[in-house]
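The values are calculated or read from the model by the stated rules, or taken from the named source; none is laboratory data. Being a predicted model, the structure only gives us computed values, none of them experimental. Note that each Cβ is placed from the backbone with ideal geometry, even for glycine, and that neighbours are counted across all protein chains shown.
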Amino acid sequence: MFAKWGSLAYHRRWVVLIATVVLAVAGGVWGLGVFDRLSQGGYDAPASESARANQVAQDAFGRQGGDVVVVYDTVDPARLGAISDHLAKLPSDAVLQVAPPFPSPEAGKSLVAITLRGDDSNAHVKQFEQIAGQLHVDGVDELVGGLVPTQKAINDMSSSDLTKAEAVSLPIVLVLLVIIFGGLVAASLPVAVGGLAIMGSLGVLHAVSLGTEVNSFAVNVASLLGLGMAIDYGLFMVGRFREELAAGRSTPQAVQRTVMSAGRTVLFSATLLVIALSGLLLFPHGFLKSLSYGGMSAVAIAALVSLTLLPALLAVLGHRVDKLAVPWRKKEPSERGWRRLAAKVMKRPVLFALPIVAVLVALGAPFLGVKFGEVNEKVLPEGNSVRTAVETINRDFSAVAAGGLKVVVTGDPAPADVAAFAARVGDVPGVSEARIAAEPKNGVWLLNAGLDHDALSDESKQAMKDVRALTGPGDEVLVGGSTAVVSDSLDAIQDKLPWMALMLIGATFVLMFLAFGSVLLPVKAVVVSALSLSATFGVLVWVFQEGHGASLLGVTPAPLESGIVVLMAAMVFGLSTDYEVFLLSRMVEARGRGASTEEAVTTGLAKTGRVITAAALLLIVVTGAFAFSQITMMRFVGVGMILALALDATVVRMLLVPAVLKLLGNAAWWAPGPLRRIQERMAIHEEAPPLEDEKVPARV
């Protein structure tokens, strides 16, 4: 199949080239419409008790609390009256309700809660934009906070940071590619693929947004992975094409062999990464599903463009791919350094493997103490006006702040029974007080229970569980609130996480076995990737949660957002396997041509060491730009990707993998006879069959 496609890509190069560019650009232009449909929701588990509690309360009492909360720096009755009169003039098509000012004499401030009319987060953001300029009252300072302003601030900063990241990273990537390839023409090809991959993924996200909610962070993930993987795939394809040309093959032969060898690897690598990202669809959270859509579309389109546009471009360019070369370019990059490294590692494999494994385990230890939280104002930088407003509300208006438990009682119980139940809730350790929040409606009662500790502390989570364990009046008692939302979300993730892990491990084993024909290579890949992943998360917990060096990064130590951790797990595992595939593909190819285990490992490292290191460096530049984001979530991803890539592409792939393969010896390539026959019938392997003018060396 790949041989036929390589031949077709050469003979129909202009058709393939034009069709790919037109489709990608058209998809990108249409995809710009997704920015008007992005949301900041989807962080809760839809079928959880907290979600049902919120829905029942909303059906009975309308939406609770304010979407926009404004803190005015006054408690003067006359000024508060003027504020009420001013806010009463807000447009009714945007505002559903404005609560009377709630003064705090101790703080010298007053709070006003505004409920917007829309039914979803997109509508709320647009309505807030409509009234934002009308909240100021002459002579009074104000701070604007609440859920919707926080969402808008995160969305605006995410979009701004994405633009800055791409503006900074793309020129650096192009310069590095020129240095790596030694010429401007070859260097521009992976960048072109990356741009088209981003365009295509925007079109897919726009189509997805027509049927379901898409979180704004999905665009960041799509851009990061689309550009990063396109550069990786482009680097691998263009490098192999130039290698074939250097071996004396004609342009048609070089294109065909590039697609048969590097093209297979790209398709296989992309399939594994797409499967890893599809694991996010197992979770009920709309946020994770959005990230899955963005990531899968970006990786798939990056691979598709690499397998269509690149072969066509290479067919058009031929030997001109080396045009506009820099003066210092070497025709044949030296492999001696990589061969010496392989020899040194395999001479003392235990001396390399044991310390590396010990260090990886030690780095991963802090992850055992991980704590999870939610996306809130703390993801915004210190000093941001919205974050300052929310912190002011939590400090000066704790009685009406968003924290605490919302207890919903259904079934029209007797008032005395509800009052008695509220007293029992108030007696639960960790609960400061519990009171009836409003007169019952439609047989539904609503209780507010304050908490003695931070909403996301272990004490508050235990208090929530204890309240849920109480036997209440009426038909049903549902406990919601921020503590319950985070706990339910985490429980839903923990329930599905083993299935995601099983899916990743199973897919990796099956696909790597079919590609390489070995039972132990997939097992080794999973174990090594798990070590790399745990080390990365251990360092992230040490910094972002425990606060070591957090001030240098400009982040506030806080529990990690569970959805981002799951996303990082999928991406890091997928990318680890990606580099494993690049490395093993050349080893298996050498092994298939008769090389011994040591020769195969040495050849694989010599052929791919430079490519993997370069690919990791380029991806570090792309993702590293996100490490300077204003949003903590994006900074977490950026720093995490830098750590994972630097660790995986150097210590793990260049030292640990060769050492382990040396220790395994010939067993590394073993598979039971029946399984081997299945693999051979599937014909999924990395060896490029020789053309008619070549001879195959006898196997030794």
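Taken over region 596-620, the criterion of being under 17 Å from the mean Cα position of the chain (by Cα) and buried (at least 23 other Cβ atoms within 10 Å of the Cβ) is satisfied by Leu619 alone.
Restricting attention to region 137-172 and to residues that are among the acidic types (Asp, Glu) and touching a residue at least 12 places away in the same chain (Cβ under 8 Å), the residue that is surrounded by the fewest Cβ atoms within 10 Å (Cβ to Cβ) turns out to be Asp141. Selection of region 64-87 for residues being of a type in the set (S, T, N, Q) and without any contact (Cβ under 8 Å) to a residue 60 or more places away in the chain yields only Ser84. Here Ile642 fulfils each of the conditions (1) touching a Leu at 6+ places or on another chain (Cβ under 7 Å); (2) among the aliphatic types (A, V, I, L, M); (3) surrounded by fewer than 21 Cβ atoms within 10 Å (Cβ to Cβ) apart from (1).
Consider region 438-458 and keep the residues that are of a type in the set (Asp, Glu) and in a loop (DSSP other than H, G, I, E, B). The one that is farthest from the chain's Cα centre (by Cα) is Glu439. For a quick check of your reading of the model, give me the residue pairs whose first member lies in region 254-279 and is within 23 Å of Lys4 (Cα to Cα), whose second is basic (Lys, Arg) and in a helix (DSSP H, G or I), with beta-carbon atoms closer than 7 Å and at least 6 apart or on different chains. Cβ pairs passing all conditions: Thr258/Arg240; Ser261/Arg240; Ala262/Arg240. When Gly118 is tested against the conditions (1) touching a His at 6+ places or on another chain (Cβ under 9 Å); (2) loosely packed, with under 14 Cβ neighbours inside 10 Å, the lone failure is (2). Can you report the number of residues in region 88-126 which are in a strand (DSSP E or B), in contact (Cβ under 8 Å) with a residue 60 or more places away in the chain and more than 30 Å from Gly42 (Cα to Cα)? Summing the residues that are in a strand (DSSP E or B), in contact (Cβ under 8 Å) with a residue 60 or more places away in the chain and more than 30 Å from Gly42 (Cα to Cα) in region 88-126 gives 3. Hey, does region 14-26 have a residue that's within 32 Å of the chain's Cα centre (by Cα) and either under 30 Å from Val479 (Cβ atoms) or not hydrophobic (A, V, I, L, M, F, W, C) (or both)? Yes - at least one qualifying residue is present in region 14-26. Restricting Ala646, Ala659, Ala667 to residues that are of a type in the set (A, V, I, L, M, F, W, C), in a helix (DSSP H, G or I) and free of Cβ contacts under 8 Å to residues at least 60 places away in the same chain narrows the list to Ala646.
Does Asp488 meet the test of being touching a helix residue (DSSP H, G or I) at 6+ places or on another chain (Cβ under 6 Å), assigned to a helix (DSSP H, G or I) and acidic (Asp, Glu)?
yes
Has region 173-183 got at least one residue that is at pLDDT below 85, under 21 Å from Gly640 (Cβ atoms) and either under 18 Å from the mean Cα position of the chain (by Cα) or surrounded by fewer than 20 Cβ atoms within 10 Å (Cβ to Cβ) (or both)? No, there is no match, as no residue in region 173-183 is at pLDDT below 85, under 21 Å from Gly640 (Cβ atoms) and either under 18 Å from the mean Cα position of the chain (by Cα) or surrounded by fewer than 20 Cβ atoms within 10 Å (Cβ to Cβ) (or both).
Taken as a whole, the structure places Arg653 among residues that are under 26 Å from the mean Cα position of the chain (by Cα) and either charged (D, E, K, R) or part of a loop (DSSP other than H, G, I, E, B) (or both).
In this structure, does Ser104 turn out to be out of contact with any Lys or Arg (no Cβ under 9 Å at 6 or more places or on another chain), among the polar types (S, T, N, Q) and over 30 Å from Val266 (Cα atoms)? If you could, list the steps in order and put the result at the bottom.
Details: out of contact with any Lys or Arg (no Cβ under 9 Å at 6 or more places or on another chain): yes; among the polar types (S, T, N, Q): yes; over 30 Å from Val266 (Cα atoms): yes.
In short, yes.
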